[in-house]
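The next block holds one structure in the form of C-alpha coordinates; read it before the comments.
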Amino acid sequence: MKKAKILVVEDERNISDIVKAYLEREGFEVVVAATGKAALKEAGKNVDLIVLDLKLPDIDGEIVCKSIREFLDVPVIMLTAKSAEDDRVRGLGLGADDYVVKPFSARELVARVKAHVRRARIGEKKELSFEGRALVINTQAHAVQKNGKDVDLTNTEFRILLSLAEKPDVAFSRLQLITNAQGYDFEGFDRVVDAHIKNIRHKIEDDPASPSFIKTMYGVGYKFIGRPDK
(Lines give C-alpha, C1' and ligand atoms only; values in the text may rest on other atoms or scores of the structure.)
Protein backbone atom coordinates (compact mmCIF):
# COMPACT_ATOMS: atom_id res chain seq x y z
CA MET A 1 0.00 0.00 0.00
CA LYS A 2 1.36 3.40 -0.96
CA LYS A 3 2.32 5.94 1.66
CA ALA A 4 -0.49 8.21 2.77
CA LYS A 5 0.18 11.80 1.74
CA ILE A 6 -0.45 14.43 4.43
CA LEU A 7 -0.78 18.14 3.71
CA VAL A 8 0.26 20.29 6.70
CA VAL A 9 -1.00 23.87 6.42
CA GLU A 10 0.89 25.93 9.00
CA ASP A 11 2.67 29.29 8.71
CA GLU A 12 4.80 28.87 11.85
CA ARG A 13 7.92 27.13 10.60
CA ASN A 14 8.91 25.65 13.96
CA ILE A 15 5.50 23.98 14.32
CA SER A 16 5.34 22.68 10.74
CA ASP A 17 8.88 21.29 11.03
CA ILE A 18 8.00 19.36 14.20
CA VAL A 19 4.74 18.01 12.77
CA LYS A 20 6.45 17.05 9.51
CA ALA A 21 9.27 15.24 11.34
CA TYR A 22 6.87 13.24 13.54
CA LEU A 23 4.65 12.27 10.59
CA GLU A 24 7.58 11.25 8.40
CA ARG A 25 8.93 9.14 11.25
CA GLU A 26 5.65 7.19 11.10
CA GLY A 27 6.01 6.58 7.36
CA PHE A 28 3.81 9.34 5.94
CA GLU A 29 4.66 11.49 2.94
CA VAL A 30 4.35 15.13 4.07
CA VAL A 31 3.85 18.34 2.11
CA VAL A 32 3.85 21.70 3.90
CA ALA A 33 1.98 24.84 2.83
CA ALA A 34 2.47 28.14 4.70
CA THR A 35 -0.46 30.04 3.17
CA GLY A 36 -4.10 29.41 2.35
CA LYS A 37 -3.43 29.96 -1.35
CA ALA A 38 -0.66 27.35 -1.34
CA ALA A 39 -2.90 24.97 0.62
CA LEU A 40 -5.67 25.14 -1.97
CA LYS A 41 -3.14 24.42 -4.70
CA GLU A 42 -1.55 21.46 -2.88
CA ALA A 43 -4.90 20.02 -1.80
CA GLY A 44 -5.66 19.15 -5.41
CA LYS A 45 -2.59 16.90 -5.68
CA ASN A 46 -3.96 13.61 -4.31
CA VAL A 47 -3.52 14.19 -0.59
CA ASP A 48 -5.02 11.71 1.88
CA LEU A 49 -5.44 14.03 4.89
CA ILE A 50 -5.04 17.72 5.71
CA VAL A 51 -3.81 19.25 8.96
CA LEU A 52 -5.06 22.83 8.74
CA ASP A 53 -4.06 25.77 10.91
CA LEU A 54 -6.89 28.29 11.15
CA LYS A 55 -4.70 31.38 11.51
CA LEU A 56 -3.00 31.89 8.16
CA PRO A 57 -1.35 35.06 6.81
CA ASP A 58 -3.47 35.43 3.65
CA ILE A 59 -6.78 33.56 3.93
CA ASP A 60 -8.71 32.60 7.06
CA GLY A 61 -8.33 28.86 7.68
CA GLU A 62 -12.08 28.39 8.01
CA ILE A 63 -12.52 29.81 4.49
CA VAL A 64 -9.78 27.47 3.26
CA CYS A 65 -11.58 24.50 4.85
CA LYS A 66 -14.89 25.46 3.28
CA SER A 67 -13.22 25.90 -0.13
CA ILE A 68 -11.46 22.53 0.11
CA ARG A 69 -14.75 20.81 0.91
CA GLU A 70 -16.15 22.04 -2.42
CA PHE A 71 -13.81 19.77 -4.39
CA LEU A 72 -12.18 17.29 -1.99
CA ASP A 73 -13.41 14.68 0.49
CA VAL A 74 -10.47 13.72 2.70
CA PRO A 75 -10.17 13.99 6.49
CA VAL A 76 -9.39 17.52 7.71
CA ILE A 77 -7.91 18.11 11.17
CA MET A 78 -8.11 21.74 12.28
CA LEU A 79 -5.11 23.01 14.23
CA THR A 80 -5.81 26.17 16.18
CA ALA A 81 -5.39 28.20 19.35
CA LYS A 82 -9.18 28.61 19.59
CA SER A 83 -10.31 26.32 22.39
CA ALA A 84 -13.93 27.38 23.00
CA GLU A 85 -16.51 24.68 22.37
CA ASP A 86 -18.46 26.99 20.03
CA ASP A 87 -15.34 27.36 17.88
CA ARG A 88 -14.99 23.58 17.68
CA VAL A 89 -18.61 23.10 16.69
CA ARG A 90 -18.39 25.87 14.09
CA GLY A 91 -15.25 24.37 12.60
CA LEU A 92 -16.81 20.94 12.35
CA GLY A 93 -19.84 22.51 10.74
CA LEU A 94 -17.58 23.83 7.97
CA GLY A 95 -16.52 20.30 7.12
CA ALA A 96 -13.61 19.52 9.42
CA ASP A 97 -13.39 16.01 10.85
CA ASP A 98 -11.36 16.80 13.94
CA TYR A 99 -10.05 19.68 16.04
CA VAL A 100 -6.69 19.94 17.84
CA VAL A 101 -6.01 22.89 20.14
CA LYS A 102 -2.60 24.57 20.50
CA PRO A 103 -0.41 23.93 22.38
CA PHE A 104 -0.70 20.29 21.41
CA SER A 105 1.19 17.03 21.71
CA ALA A 106 2.81 16.05 18.42
CA ARG A 107 2.38 12.39 19.38
CA GLU A 108 -1.36 12.88 19.93
CA LEU A 109 -1.70 14.67 16.59
CA VAL A 110 0.10 11.80 14.84
CA ALA A 111 -2.20 9.29 16.58
CA ARG A 112 -5.24 11.17 15.32
CA VAL A 113 -3.81 11.38 11.79
CA LYS A 114 -3.19 7.62 11.79
CA ALA A 115 -6.71 6.90 13.06
CA HIS A 116 -8.35 9.06 10.38
CA VAL A 117 -6.22 7.66 7.57
CA ARG A 118 -6.90 4.09 8.72
CA ARG A 119 -10.65 4.67 8.84
CA ALA A 120 -10.65 6.39 5.47
CA ARG A 121 -9.10 3.26 3.94
CA ILE A 122 -11.22 0.65 5.68
CA GLY A 123 -13.90 -1.10 3.67
CA GLU A 124 -16.33 -3.61 5.14
CA LYS A 125 -19.49 -4.88 3.43
CA LYS A 126 -19.58 -3.33 -0.02
CA GLU A 127 -23.05 -1.82 0.07
CA LEU A 128 -25.94 -1.08 2.39
CA SER A 129 -29.26 0.15 1.02
CA PHE A 130 -32.48 1.32 2.61
CA GLU A 131 -36.08 2.20 1.74
CA GLY A 132 -36.04 0.76 -1.78
CA ARG A 133 -32.54 2.14 -2.46
CA ALA A 134 -33.59 5.64 -1.47
CA LEU A 135 -30.36 5.66 0.55
CA VAL A 136 -27.33 3.65 -0.58
CA ILE A 137 -24.03 3.45 1.33
CA ASN A 138 -20.97 2.04 -0.44
CA THR A 139 -18.59 1.16 2.37
CA GLN A 140 -15.52 0.51 0.23
CA ALA A 141 -15.78 3.66 -1.87
CA HIS A 142 -16.93 5.68 1.16
CA ALA A 143 -19.76 6.96 -1.04
CA VAL A 144 -23.40 7.71 -0.28
CA GLN A 145 -26.30 8.26 -2.66
CA LYS A 146 -29.75 9.63 -1.90
CA ASN A 147 -32.36 8.90 -4.56
CA GLY A 148 -29.59 8.14 -7.04
CA LYS A 149 -27.67 11.36 -6.43
CA ASP A 150 -24.25 11.56 -4.76
CA VAL A 151 -24.17 12.91 -1.20
CA ASP A 152 -21.04 14.78 -0.10
CA LEU A 153 -20.16 13.66 3.44
CA THR A 154 -16.96 14.31 5.37
CA ASN A 155 -15.07 11.25 6.57
CA THR A 156 -16.36 11.65 10.14
CA GLU A 157 -19.94 12.17 8.92
CA PHE A 158 -19.62 9.00 6.84
CA ARG A 159 -18.29 6.99 9.80
CA ILE A 160 -21.11 8.19 12.07
CA LEU A 161 -23.75 7.38 9.44
CA LEU A 162 -22.21 3.97 8.80
CA SER A 163 -22.05 3.17 12.54
CA LEU A 164 -25.77 3.85 12.79
CA ALA A 165 -26.81 2.23 9.48
CA GLU A 166 -24.93 -1.02 10.17
CA LYS A 167 -27.20 -1.60 13.18
CA PRO A 168 -30.72 -0.31 12.45
CA ASP A 169 -32.96 0.27 15.48
CA VAL A 170 -30.00 0.13 17.87
CA ALA A 171 -29.63 3.24 20.03
CA PHE A 172 -26.11 4.69 20.21
CA SER A 173 -24.88 7.19 22.76
CA ARG A 174 -22.97 10.24 21.55
CA LEU A 175 -19.81 8.85 23.12
CA GLN A 176 -20.20 5.57 21.22
CA LEU A 177 -20.69 7.40 17.94
CA ILE A 178 -17.67 9.69 18.28
CA THR A 179 -15.51 6.78 19.45
CA ASN A 180 -16.62 4.62 16.50
CA ALA A 181 -15.96 7.47 14.08
CA GLN A 182 -12.66 8.77 15.43
CA GLY A 183 -11.30 6.16 17.80
CA TYR A 184 -11.27 8.41 20.87
CA ASP A 185 -13.42 10.93 22.69
CA PHE A 186 -12.75 14.45 23.89
CA GLU A 187 -14.33 17.15 26.00
CA GLY A 188 -17.47 18.59 24.45
CA PHE A 189 -18.25 15.51 22.34
CA ASP A 190 -22.01 15.89 22.94
CA ARG A 191 -22.30 19.09 20.94
CA VAL A 192 -19.76 17.88 18.38
CA VAL A 193 -21.84 14.77 17.61
CA ASP A 194 -25.01 16.85 17.47
CA ALA A 195 -23.33 19.14 14.92
CA HIS A 196 -22.33 16.15 12.78
CA ILE A 197 -25.83 14.65 12.97
CA LYS A 198 -27.33 17.99 11.94
CA ASN A 199 -25.03 18.10 8.90
CA ILE A 200 -25.83 14.49 7.95
CA ARG A 201 -29.58 15.08 8.22
CA HIS A 202 -29.42 18.10 5.95
CA LYS A 203 -27.70 15.92 3.37
CA ILE A 204 -29.76 12.70 3.49
CA GLU A 205 -33.20 13.61 4.86
CA ASP A 206 -36.07 14.95 2.76
CA ASP A 207 -37.14 16.91 5.84
CA PRO A 208 -34.41 17.23 8.50
CA ALA A 209 -37.02 18.40 11.02
CA SER A 210 -38.92 15.13 10.56
CA PRO A 211 -36.17 12.60 9.83
CA SER A 212 -36.78 9.26 8.14
CA PHE A 213 -33.32 7.80 8.75
CA ILE A 214 -31.74 9.13 11.95
CA LYS A 215 -33.96 9.46 15.00
CA THR A 216 -33.05 11.36 18.17
CA MET A 217 -33.40 9.24 21.29
CA TYR A 218 -33.82 11.81 24.03
CA GLY A 219 -31.62 11.13 27.01
CA VAL A 220 -29.77 8.42 25.07
CA GLY A 221 -28.43 9.52 21.70
CA TYR A 222 -29.44 8.46 18.18
CA LYS A 223 -30.58 5.42 16.23
CA PHE A 224 -31.03 4.56 12.55
CA ILE A 225 -34.67 3.92 11.58
CA GLY A 226 -34.40 3.41 7.81
CA ARG A 227 -35.79 0.07 6.60
CA PRO A 228 -33.00 -2.13 5.14
CA ASP A 229 -33.51 -3.56 1.65
CA LYS A 230 -33.40 -7.35 1.43
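Can you work out the accessible area per residue across the range 1-75, with the rest of the protein chains kept in place, probe 1.4 Å, in square angstrom?
With all protein chains present, the range 1-75 gives 52 Å² per residue.
If each DSSP helix of 4+ residues adds -39,500 (n - 2.57) and the sum is divided by the residues in the chain, what number results at 222 nm, nearest 500 deg cm²/dmol?
-12000 deg cm²/dmol
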Could you work out how much longer the chain between Ala111 and Gln145 gets when fully extended? Use 0.36 nm per residue separation minus the Cα distance between them, nm to one decimal. 9.2 nm
Matching label for the computed Rg and Dmax of the Cα atoms in Å, out of (i) 17.2, 52; (ii) 17.5, 55; (iii) 16.9, 48, is (ii)
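Express the carbon and sulfur contribution to the solvent-accessible surface of the chain as a percent, rounded to the nearest whole number, probe 1.4 angstrom.
Numbers: 5490 of 11270 Å².
C and S atoms contribute 49 percent here.
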For Glu127 and Ala209, what does the FRET efficiency come to when R0 = 45 Å and r is the distance between their Cβ atoms, rounded to the nearest 0.05? 0.95
Once a ≥ b ≥ c are taken as the square roots of the eigenvalues of the Cα gyration tensor of the range 1-110, is the result rounded (a/c under 1.5), prolate (a/b larger than b/c) or oblate (a/b not larger than b/c)? rounded
Accessible surface, per residue, of the range 142-220 when the full set of protein chains is kept, probe 1.4 Å, Å²: 48
Label Ile225 and Ala171 with points 7 Å out from Cα along Cα→Cβ: what is the distance between them in nm? 1.3
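The values are calculated or read from the model by the stated rules, or taken from the named source; none is laboratory data. All of these numbers come straight from a predicted model, not from anything done at the bench. Because the Cβ atoms are built from the backbone with ideal geometry, glycine has one as well, and the counts that use them run over all protein chains shown. Surface accessibility is based on the protein's heavy atoms, side chains included, excluding ligands, DNA and RNA. Shrake-Rupley method; radii C 1.70, N 1.55, O 1.52, S 1.80 Å.
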